[in-house]
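The values are calculated or read from the model by the stated rules, or taken from the named source; none is laboratory data. A quick note: this is a predicted structure, and the numbers were derived from the prediction, not measured. Cβ placement follows ideal geometry from the backbone for every residue including glycine, while neighbour counts extend to all protein chains displayed. Heads up: the accessible areas ignore ligands, DNA and RNA and are worked out on the full protein's heavy atoms, side chains in. Shrake-Rupley method; radii C 1.70, N 1.55, O 1.52, S 1.80 Å.
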Amino acid sequence: MNADKLSKRLERVADFVPKGSKTADIGSDHAYLPCYLVKKDVIPFAIAGEVAEGPFQSAAGQVLAEGLVEQVSVRKGDGLDVLNPGEAECITIAGMGGALIASILERGKDKLDNVKRLILQPNVSAISIREWFMENGWELVEEDILEEDGKIYEVLVGEKGDPSLPYKDMQNKGLLFGPFLMKKVNEAFKKKWALEKDNWEKILSQLEKAAQTEETLRKKQELQQKIKWAEEVL
Ligand code: SAM
């Protein structure tokens, strides 16, 4: 992967960036995504934010090597702290857990006023992002799921709007599986949830053997519900 040829995962994130929108890539590491977007003339200007020194240096070096110092501003800081209010119209956050992405958004809420689109690629726990959208007035407008090098990745796109609109009568199930992904049911989706279902079934059979406390019963019910949902969506 480099700034001319992204991984399939980051290419999918890039596909969702609206043409011409000032974009901040948070947790940018090598800064391949912002460099790619500028080089392909998708956007005129990007911010690459990084909290850790090594990745920050890597991003700065990449931008320098590409001759993009005027178009890609590399900034060191935690989450959305690197942004001035109103500066970004689109934010991408990729390659982290969903809970961390949601916590970055939560802590940086005051920087989201002018942001029109969030493009988020959680490695795990996409549900944390769907829940954050639901609680904070962001409507999930598109989703994708793909497999690359044996790993499965989800990409979620949010815009300000009616958070409950994509879910209709299936809120809890939709929050777990993704309302758009449940309609597409592609190979990556089938593989992910077949594996999760296997795992839930193993945990359930272990719980059957354990002492039946109130907590065990609650966990069993939760797993049975999720297994039932998985059977419905697959
Ligand atoms: N976004 C790139 C990608 O998808 O290939 C890099 C992903 S890398 C696994 C995650 C990066 O996020 C690391 O470089 C890490 O230092 C950075 N990171 C983690 N928490 C962060 C935070 N709160 N603010 C900014 N960067 C963060």
key: Some residue of segment 59-70 being within 13 Å of the ligand (Cβ to nearest atom) and in contact with an Asp or Glu (Cβ under 7 Å, 6 or more places away or on another chain)   = yes
ask   = Quick one: what pairs do we get from segment 161-189, first residue under 20 Å from N123 (Cβ atoms) and in the same structural domain as L112 (by TED's automatic domain parsing), second assigned to a helix (DSSP H, G or I) and open to solvent by 70 Å² or more (accessible area, probe 1.4 Å), C-beta under 7 Å, 6+ apart or different chains?
value = L175/E131
Top-ranked residue of segment 199-216 - restricted to ones that are open to solvent by less than 80 Å² (accessible area, probe 1.4 Å) and assigned to a helix (DSSP H, G or I), ranked as nearest to N172 (Cα to Cα) = W200
query = Which of the residues spanning segment 37-54 are away from the ligand (no atom under 11 Å from the Cβ) and open to solvent by 30 Å² or more (accessible area, probe 1.4 Å)?
reply = K39, K40, D41, V42, P44, F45
message = Which residue is nearest to V38 (Cα to Cα), if the candidates are limited to segment 66-89 and must be of a type in the set (V, I, T) and buried (at least 20 other Cβ atoms within 10 Å of the Cβ)?
response = V72
query = Which residues, counting only those in segment 15-36, are of a type in the set (G, A, S) and open to solvent by less than 10 Å² (accessible area, probe 1.4 Å)?
reply = A24, S28, A31
task = Residue by residue through segment 153-166, note down the ones that are surrounded by fewer than 18 Cβ atoms within 10 Å (Cβ to Cβ) and in contact with a helix residue (DSSP H, G or I) (Cβ under 8 Å, 6 or more places away or on another chain).
result = S164
request  = Would you mind finding the one in L100, L105 that is within 11 Å of the ligand (Cβ to nearest atom), assigned by TED's automatic domain parsing to the domain that holds L175 and open to solvent by less than 10 Å² (accessible area, probe 1.4 Å)?
outcome  = L105
inquiry  = Please count how many residues of segment 1-16 are of a type outside the set (G, A, S), closer than 14 Å to V42 by Cβ and not in a loop (DSSP other than H, G, I, E, B).
reply    = 5
remark   = Output for Cβ contacts, cut-off 7 Å, separation at least six or different chains, first residue at pLDDT 95 or above in segment 55-78, second part of a loop (DSSP other than H, G, I, E, B) and among the polar types (S, T, N, Q), reads A59/S28
